[in-house]
Amino acid sequence: MPVLLAPDQAPALHDLLAQAGAFDLDCRIVARPGRPDPVIRGLGSLLKAGPGEISFLSNPKLSHQLEGCAAAAVIMTSESHELIQCGDPSYCIVLCSQPYLVYALLAQWFDRHRVARIPAGVHATAVVAATAHIGDDVGIGPHCVIEDGARIGPGSRLGAGCFVGARSIVGAQCLLYPRVTLYHGVALGDRAIIHSGAVLGADGFGFAPDPRARDGAWAKIAQLGGVSVGDDVEIGANTTIDRGAIEDTVIGDGVKLDNQIMIAHNVKIGEHTAMAACVGIAGSTTIGRRCTIGGASMISGHLVLADDVHISGGTAVTSNVDKPGRYTGVYPFAEHTQWQRNAAVVSQLSQLRRRLRLLEKKERPD
Amino acid sequence: MPVLLAPDQAPALHDLLAQAGAFDLDCRIVARPGRPDPVIRGLGSLLKAGPGEISFLSNPKLSHQLEGCAAAAVIMTSESHELIQCGDPSYCIVLCSQPYLVYALLAQWFDRHRVARIPAGVHATAVVAATAHIGDDVGIGPHCVIEDGARIGPGSRLGAGCFVGARSIVGAQCLLYPRVTLYHGVALGDRAIIHSGAVLGADGFGFAPDPRARDGAWAKIAQLGGVSVGDDVEIGANTTIDRGAIEDTVIGDGVKLDNQIMIAHNVKIGEHTAMAACVGIAGSTTIGRRCTIGGASMISGHLVLADDVHISGGTAVTSNVDKPGRYTGVYPFAEHTQWQRNAAVVSQLSQLRRRLRLLEKKERPD
Amino acid sequence: MPVLLAPDQAPALHDLLAQAGAFDLDCRIVARPGRPDPVIRGLGSLLKAGPGEISFLSNPKLSHQLEGCAAAAVIMTSESHELIQCGDPSYCIVLCSQPYLVYALLAQWFDRHRVARIPAGVHATAVVAATAHIGDDVGIGPHCVIEDGARIGPGSRLGAGCFVGARSIVGAQCLLYPRVTLYHGVALGDRAIIHSGAVLGADGFGFAPDPRARDGAWAKIAQLGGVSVGDDVEIGANTTIDRGAIEDTVIGDGVKLDNQIMIAHNVKIGEHTAMAACVGIAGSTTIGRRCTIGGASMISGHLVLADDVHISGGTAVTSNVDKPGRYTGVYPFAEHTQWQRNAAVVSQLSQLRRRLRLLEKKERPD
């Protein structure tokens, strides 16, 4: 359950909006004459927020949830505000054109104030090479290992048990949750957030058939490239990004990767592209900028996807995508016996087409 | 290879069944006059069990495997016993109505007696916060980290390198294998079994488009909820369960999750639902009770699946499922050139239907 | 970016080929009268290699990239050499019948000389049981845990934070990257390479319905088998291989597994089979020798795949495959609205076939 701030640590609404940067957007509080500025202890959904919490209405279709809402304050657009018959609501109203973005800023504020940060300094149980360079105000958690020549930028924090291999670089203001593994030769930009279990820089999957070997053995292609990650990238739990074969695997600025994603060697991902969980990108594929890839999609190797391509979840992308747009390829599911009947026909589709052509010819014998 | 107990540590059959709780079911040993109760050193399949091992026949179709079976004892139903022409078999017979369940109980017994438990006490290399609460008879392995305010319930054991974040709770009699990561604000019920590499409580994947940013940048939605796991839950290796955005992600009592499953934020899974490996559940989806989800299935976000729904492996579920039953959506595989011919037609299916309608109209011109 | 060797550490071309074993193949340098043997500091692609680097042409279609190539040397076949109009190229030419294999050997050489190995000896922070057996010239990294009765073969190196459970075996000359987890009773052959986050020996997913329990609870089938891995196996990051229920899960000699693969209990994989990332193999399936399984494929349980079977990426294999060959089952993707039209027809395929039959009958009323 979300933990609320203690009342004496919680800010008044105006202070919260100011500190969270909400006034940099077009936020304003609808004055409630004679009532004090409410203290905000946490965030809640419209249906569940209690009297010390702030909520938001981003989808006008949910405005009926305002009925009986117990929140201390609600963020909404002017349009929503005009639509609803508020009378004199029990909650304070915060007007702005982007309620979801204001909610994002407030949630970030609560997260900063609620979760204890890893303290600055190197924990006594961490093992840091003498040749590693640790910037100012860096926190290194218990049982971390920082190898020769690695660099940790100022303000970065590494959770327990992180591993930073030889000559790898962590930029400034990064946050690595416990048990992140960076092999040697991996470079993170600034403000990266990497979740537990992520592995960056494992060998790409490269093998050559070895004709000298009996019985089909493989010769390993050593992977000499690294991984290069831009600024403002977030990488989810247990996601893996392999090192390049010769050049680097490249993750652009602002890319957001969910959990259990697999990025193979030599892949390049353009700026601000976001991928949901369980996506796999095979080797040497290039993904454009501002793409979104739905969960559990698979993208074959050596492809190029243009900028602004949106792939629906569960799609197998097996050829280049040259134009922006939405692409889908998921097989419709059905009650099992119905599926069985239809799937049986899938295996006869080319026959079926042939039979249809035959009938058509008979209709038009000329 | 399975390790057998040393003969002097192995129990006689009657003692084994008693200690394993098999007599709480309807188990009985068919007496073999003049022969001593055999000593049971381990479990084996019908074809491979040796003279010190017990085996079981749960599928009557496999009864031909009894021919020449070298096991010391075989568990079977009365029906199987009557069907087979035993004469005077070399093995002892244990009759019961549920051979597979008796096998489960015996396997649990051998597992308890064969695998050394993590000893009670806190290993010298573990880092335990002064404000953490460690219950009676708890074992904390090497290089574990237990943060401020975390609670470990009585009788629980944590393998090497586990991480329990601030204010997280591990219930009683839990078993965490090495390198399990619980972020802050994660609560496990009693008797949980969590396998290595599992990550509970990483941030849900939430981003809002930030119109202030140039070029499509995303604003992070901080994830303020936690993860709430019921009693008797098992979670497989490298499975990830994200924390909720505002409320908790919820895993019900008795849920069994295999390896490499991804549970996104705000998902709720009903009691005793079981999921095979590599399943992905997208955000805010609710799964009912007693469901089974086949391996590598993908379930889209914001859906509701009823109780007692069974999804076949490899299915992409993209809409609500209101009724119990079995659902499937896997594309039939075939020899490659045959697939190629049929897949080409898939892309023309709506054309094909149009052509068919045209022919039908000509048949019935009225 | 790939790091080049310092000029004083870099070998001359002839020495490099000799040390890498390239002369054991049919390699020969085309003499360039009056010019010294170039020093080779690294490997590069034809387009990007600089003057201190060696490159290779394995696909004759790319021979136009030789134009303006700045590499010090290029590996190619005699056929390619004859085809191109070299005149007097700036680069030295290495002729051989298998340029890609020679590249593999050279990349291995650079990898050995560039990446610092884990030093021999047991790090002070590692926890090694008194009854564990550590071979000669073994390196055990920081925060490793080696349990009772485990054995580490000569020349093997374990990265930081590896866990080797009770009685498990690591063969000779193995390389475990940081944070590999081997449960108890897991055996690796010689020369294994295991990447970070891999988990071998977690419990197979086995549960029996427990009719004594209310509401659908499951009884756990304890998993008594182990994992047995042959020689020369490579296992990718965050891949999981479960222990067998009674017998071992078996990975044959020379098997290569990419990242995030899931191998369920009792699976057997034949020699030299290679699987790309994100593949899932369900329980008790047997895969033949020299198979290749494309990324994100799913193979159902209790199946048998013959030797030399090649499964295309993204395929769900749901029945036995008796004959060698290539098999595919991926649903074609398309622009979203086009997909929508075609997918709608998929759900009516059996109807469609019925309507076609009806028309055909009318054509041939006899």
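GNM remark for chain C: springs join alpha carbons under 10 Å apart, and the peak mean-square fluctuation among C:246, C:84, C:140 falls on C:84. For residue A:333, the residues 5 or more places off, or on other chains, whose built amide H falls under 5 Å of its own are B:318.
Considering every alpha-carbon pair of the range B:13-114, the percent of pairs per 5 Å bin, from zero through the bin containing the longest distance, is 2, 14, 27, 28, 20, 7, 1, 0. Straight-line cross-link partners of residue A:48 among the lysines, defined as a Cα under 26 Å from its Cα and at least 8 positions apart when in the same chain: A:61, B:220, B:268. Amide H contacts of residue A:207 (H built 1.01 Å from N, in plane; Pro and chain starts excluded): A:221 sit under 5 Å, all sequence-distant by 5 or more or on other chains. Across the range C:127-132, coupling constants 3J(HN,Hα) worked out from phi with the 6.51/-1.76/1.60 Karplus curve, θ = phi - 60°, read 10, 10, 4, 4, 8, 6 Hz, and Gly and Pro carry x.
The relative contact order of the range A:251-366 comes to 15 percent, based on Cα pairs under 8 Å that sit 6 or more residues apart. Remark: spin-label model distance residue B:131-residue B:337 equals 7.1 nm, labels positioned 7 Å along the Cα→Cβ axis.
Close amide-amide hydrogen proximity is noted between residue B:325 and B:309, B:310, each under 5 Å apart and 5 or more residues distant or on a separate chain (H modeled in the peptide plane; Pro and chain starts excluded).
Measuring nothing but how far apart in sequence close Cα pairs (under 8 Å, 6+ apart) lie, relative to its length, chain B scores a relative contact order of 6 percent. For chain B, a Gaussian network of Cα nodes joined below 10 Å ranks B:345, B:317, B:255 by mean-square fluctuation, and the top entry is B:345. Neighbouring Cβ atoms from other chains, within 10 Å of the Cβ of residues in C:348-358, number 6 on average.
Put the Cα centre of the range A:193-234 next to the Cα centre of the range C:197-241 and the gap is 26 Å.
The translational diffusion coefficient of chain B, from Stokes-Einstein at 4 °C and 1.567 mPa s with a Kirkwood hydrodynamic radius over alpha carbon pairs, comes to 53 µm²/s. Take each residue in B:136-143, count the other chain C-beta atoms within 10 Å of its C-beta, and the mean is 3. Think of it as helices only: each DSSP H run of n ≥ 4 in chain C is worth -39500 (n - 2.57), and spread over all residues that comes to -4500 deg cm²/dmol at 222 nm. Based on C-alpha pairs under 8 angstrom that are at least 6 apart in sequence, the range B:107-158 has a relative contact order of 36 percent.
Looking at the range C:273-366, none of the trypsin sites (Lys or Arg not before Pro) sits in a DSSP loop with at most 10 other Cβ atoms within 10 Å of its own Cβ.
With springs only between Cα atoms under 10 Å apart, run a GNM on chain C and tell me which of C:242, C:15, C:231 wobbles the most. So, out of C:242, C:15, C:231, the one fluctuating most is C:15. For the residues of C:250-259, the average number of beta carbons from a partner chain within 10 Å of their own beta carbon is 4.
Checking every one of the trypsin sites (Lys or Arg not before Pro) in the range C:149-213 against DSSP loop status and a limit of 12 other Cβ atoms within 10 Å picks out C:212. Evaluated with a Cβ-only charge set (Lys, Arg +1; Asp, Glu -1), the range B:13-114 carries a dipole of roughly 260 debye about its Cα centre, given to the nearest 20.
With distances taken between every two different alpha-carbon atoms, the protein assembly as shown has a Kirkwood hydrodynamic radius of 31.3 Å. The loop-placed trypsin sites (Lys or Arg not before Pro) in the range A:1-84, going by DSSP, that have at most 16 neighbouring Cβ atoms within 10 Å of their Cβ come out as A:48. For the range A:308-324, 3J(HN,Hα) computed residue by residue from phi via the Karplus equation (6.51, -1.76, 1.60; θ = phi - 60°) reads 6, 9, 10, 9, 5, x, x, 8, 9, 8, 10, 8, 4, 10, 8, 10, x Hz, glycine and proline entered as x.
Laboratory data are not the source of any read-out in this text; all were calculated from the coordinates shown. These figures come from a predicted structure and were not determined experimentally. Note that we place each Cβ from the backbone using ideal geometry, even for glycine, and neighbour counts take in every protein chain shown.
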